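Structure first, commentary second.
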Amino acid sequence: MAENAPAVKGKGTVFVRLEVCKGCSYCIDFCPTKCLAFSKEFNAKGYHYPVLAKPEGCVGCDLCGLYCPDFAIFGVRLKDLEKAPRK
Amino acid sequence: MNETLKAENPVLPYLRQDRLPHIWCPGCGIGSTVNCFARALTESKLDLDKVAIVSGIGCTGRVAGYMNLDSFHTTHGRAIPFATGLKLGNPNLKVVVYSGDGDLFAIGGNHFVHAARRNMDLTVICVNNSTYGMTGGQVAPTTPLGATQTTMPYGNFEPPFNLPFLAEACGAVFVARWTVFHVRQLIRTMKEGLAKRGFVFIEVLAPCPTLYSRRNKLGDGVDQVKYYKERSAVKDGADTREVGLSFQGDIAVGKFVDRDRPTWLDAMNRHYSSVLHDYHEVGHAED
Amino acid sequence: MKADPKGVLTGVHFMDGDHAACEGALAAGCRFVAGYPITPSTEVVERFAQRIPLIGGVFIQMEDEVASSIAIQGAVWAGKKAMTVTSGPGLSLMMEHVGLAALTEAPLVIVDVQRGGPSTGLPTLPGQADMMQVKWGSHGDYEIIALSPNSPQECFDLMIRAFNLSETYRVPVFFMMDEVVGHMTERVAIPEPSEIEIVERRWSSKKPGEYKAYATGADMVPDMVKAGDGHRIHITGLTHDERGYPALTPAAQKKLVERLVNKIRLRRHELVDVRKDGVDGAEVVVASFGITSRVAQAAVEEARRKGGKVAHLRLVIAWPFPDKLFQELSRRVKAFIVPELNMGQMALEVERAVAGRCAVVPIPHAGGTVHEPAAILEKIMESSR
């Protein structure tokens, strides 16, 4: 399934599978750098999903990934991402 | 959007992706515990072909079906005796029981009590959402006093179990509690519990927004997780008599018990080796 | 394959039915028993507990029969042959897990040493009143196999067959003893291991990724794997598809439930074992099973001395019921006489099979002892007129 990675300006970024998000806002409320926000758009199920509203703030800590009950979001540090082979 | 960056969610290989999306409601905390469990499995370095997961019935009972492991979705309350047979049938398996509070402690209470007494080598993870979610929000043996449920429409007057106290009293060798807020701690404890031999009990408080939070005017799932954040205090080694839960009250979290006793199989092997000539040892005794 | 010599107590013994049943299970390869004490079945597990440490296996006394009847299913999925042992009240507690075993197709044996019921009833005295319960006791539609031994020797011999049938068809097999058969002591000859034929589990040769837990061929029985072998199986008590995944649709239900019943119903001709005595020229047929067959045989022989043309059919396999044999005989006999230690259970099956073509005379008995042969003789003579 395609992962949607938004713009990269900080030390990390998040990937979101928009279509499985149920809009619970765990990731948004517990993001330690408060860089996530709800989208204005709805996904196919009618939920607002998280977007990286302040990309410069993301450190790729993946706390969002640990919280997400729907396996819809996860964070990565850019230095780890660059080490991994690109698919 | 940066189209050149691609990565896969590290949790997905641990899940049966052909069964997703899962059935849990928006804001339900069970998925978060599964997320943590998958990461604990990674960190445990266990051979996943030798890890089996057994669930009972209910919302948490569906966990087995989503894990990409040998997985057994059994009958209501009976995950522990099934897991007992599985473990004794093949002692080389790491057997995890993953089920809910109603399943493990109401209909399955007797099995929990005896498996803990025997120190059966099982890792028991209980997602405690204080209610029967699958059937529509009835009172559970964990529902705090005063909470409203469909079968306690005027508020619950039955005292709930203090699960860590029960587990310790029955003989569990490892007893811990976290909430869905404490994801990093939960991963660490699950990893530790998976490495521990004997009857391990990990309670995880998780919101049921649909049938517990909303019915009690407590907001959504995330509001309940915020409550966990605000009212939890880490009390490692706490006297489990003191860690009972009350309606939206303080929550003691941490690792309460970590001790060693011979497992059922170790005790059997050791005893029979000493009293029976020509004893055929079953599986391994690692102590 | 042949029996594992470790479990076979070759020789001639003087042994009760409960102990002989245990020896049969050990010879059949049973290496896991979970049980809970209940009269008059307890001697089976007591002997297993004593014997198994020296053979290599596990006995565990669980906290109740609910636990016992699912612990054995865990052991089955770990690759073991397993059984549990009980009597009436315990059997009632096990019913949900009979359904689980039927639905998940877990091969296992449940021994029911029948006593008088209902409820606590007559713990130390015989009954045969669980026959319908083992056939229909769990909710939903499914099929099982039930065997009915009438002697300690048969407790040994048929127990091996019970395990073999459970592996062949992947259904729960009930071993329908009763208090008298369980506690009667007789000669039991246990053969050499090389003379005991064992049906091994239907292990799949498919590799992980190719294997589907509930894909079947013409015989309608899926091949099996066990936990720990890398297949990452999912086994659920929900209605499921060929992969074992929950499939909660009328179509999936139809496919699964029809197969669960048809794998026995359409192959029931393979599962007929009726011991026939004097069928040719008979006018009256006594149909019996278990301990009642021994009383009935005495009555049949006495009736013959009095000139009666009487046959005796003994159901060794009680379920599935041998309809066809009864249908055929019903066209040429006057009556079936059905003595049993219940208020008329298998008599209903006989009535169903003969469908009014001849008389069916139940001889019900509330249990607690066996019939008087004279009571059976009287019905034979009445029906012969």
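The values are calculated or read from the model by the stated rules, or taken from the named source; none is laboratory data. The shown structure was predicted, so the numbers you read here are calculated from the model rather than taken from an experiment. Heads up, the Cβs are rebuilt from the backbone with ideal geometry, glycines too, and the neighbour counts pull from every protein chain shown. For accessibility, only protein heavy atoms count, side chains too; no ligands or nucleic acids. Shrake-Rupley method; radii C 1.70, N 1.55, O 1.52, S 1.80 Å.
Tell me whether segment B:255-269 contains one or more residues that are part of a loop (DSSP other than H, G, I, E, B), within 14 Å of chain C (Cβ to nearest Cβ) and at pLDDT 95 or above.
The initial filter retains those residues of segment B:255-269 that are part of a loop (DSSP other than H, G, I, E, B), namely B:259-263.
Those left that are additionally within 14 Å of chain C (Cβ to nearest Cβ): B:263.
Still in the running and at pLDDT 95 or above: B:263.
For segment B:255-269, residues part of a loop (DSSP other than H, G, I, E, B), within 14 Å of chain C (Cβ to nearest Cβ) and at pLDDT 95 or above: present.
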Check A:A2, A:A7 and return the single one that is modelled with pLDDT under 95, facing chain B (nearest Cβ under 7 Å) and either more than 12 Å from the chain's Cα centre (by Cα) or surrounded by fewer than 19 Cβ atoms within 10 Å (Cβ to Cβ) (or both).
A:A7
Looking only at residues in segment B:1-38 that are of a type in the set (S, T, Y) and facing another protein chain (nearest Cβ under 8 Å), which one is least open to solvent (accessible area, probe 1.4 Å)?
B:S32
Give segment C:36-60 a look and list any residue that's open to solvent by 10 Å² or more (accessible area, probe 1.4 Å) and polar (S, T, N, Q), or say none.
C:T39, C:T42, C:Q50
Do we find that C:M176 is among the hydrophobic types (A, V, I, L, M, F, W, C), outside any helix (DSSP H, G or I), farther than 21 Å from B:P81 by Cα and in contact (Cβ under 8 Å) with a residue 24 or more places away in the chain in this structure?
yes
Could you please give the count of residues in segment B:230-246 that are surrounded by 15 or more Cβ atoms within 10 Å (Cβ to Cβ) and within 14 Å of chain A (Cβ to nearest Cβ)?
1
Is there any pair with a first residue in segment B:143-166 that is acidic (D, E) and a second that is part of a loop (DSSP other than H, G, I, E, B) and at pLDDT 95 or above whose Cβ atoms are under 9 Å apart and which are 6 or more apart or on different chains, and what are they?
B:E158/B:P141; B:E158/B:T143; B:E158/B:L145
Test: C:R31 is in a helix (DSSP H, G or I) and charged (D, E, K, R)
no
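Give the residues of segment C:61-81 that are within 7 Å of chain B (Cβ to nearest Cβ) and buried (at least 24 other Cβ atoms within 10 Å of the Cβ), sorted by residue number.
Within segment C:61-81, the first condition is being within 7 Å of chain B (Cβ to nearest Cβ), and the residues that meet it are C:62-64, C:66-67, C:70-75, C:77-80.
Scanning segment C:61-81 gives C:M62, C:V66, C:A67, C:I70, C:A71, C:I72, C:Q73, C:G74, C:A75, C:W77, C:A78, C:K80.
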How about segment A:47-76: which of its residues are surrounded by fewer than 23 Cβ atoms within 10 Å (Cβ to Cβ) and more than 12 Å from every other protein chain (Cβ to nearest Cβ)?
A:A53, A:K54, A:E56, A:G57, A:V59
The one condition B:H114 fails out of (1) farther than 23 Å from B:L265 by Cβ; (2) in contact with an Asp or Glu (Cβ under 8 Å, 6 or more places away or on another chain); (3) assigned to a helix (DSSP H, G or I); (4) at the interface with another protein chain (Cβ under 8 Å from one of its Cβ atoms) is (1)
For segment C:88-137, how many residues meet the condition of being touching a Gly at 6+ places or on another chain (Cβ under 8 Å), assigned to a loop (DSSP other than H, G, I, E, B) and surrounded by 21 or more Cβ atoms within 10 Å (Cβ to Cβ)?
5
Requiring at least 1 residues that are modelled with pLDDT of 95 or more and surrounded by fewer than 24 Cβ atoms within 10 Å (Cβ to Cβ), the strands (runs of 3 or more DSSP E) wholly within segment B:39-109 are B:51-55, B:94-100
Here is a list of conditions, (1) touching a residue at least 12 places away in the same chain (Cβ under 8 Å); (2) more than 8 Å from chain B (Cβ to nearest Cβ), and C:E46 meets all of them except one; can you say which number that is?
(1)
Hey, C:R161 hits all of (1) touching a residue at least 24 places away in the same chain (Cβ under 8 Å); (2) in a helix (DSSP H, G or I); (3) crowded, with 17+ Cβ neighbours inside 10 Å but one; which does it fall short on?
(1)
Unique match (being part of a strand (DSSP E or B), in the same structural domain as C:A21 (by TED's automatic domain parsing) and open to solvent by 10 Å² or more (accessible area, probe 1.4 Å)) among C:A189, C:A146
C:A189
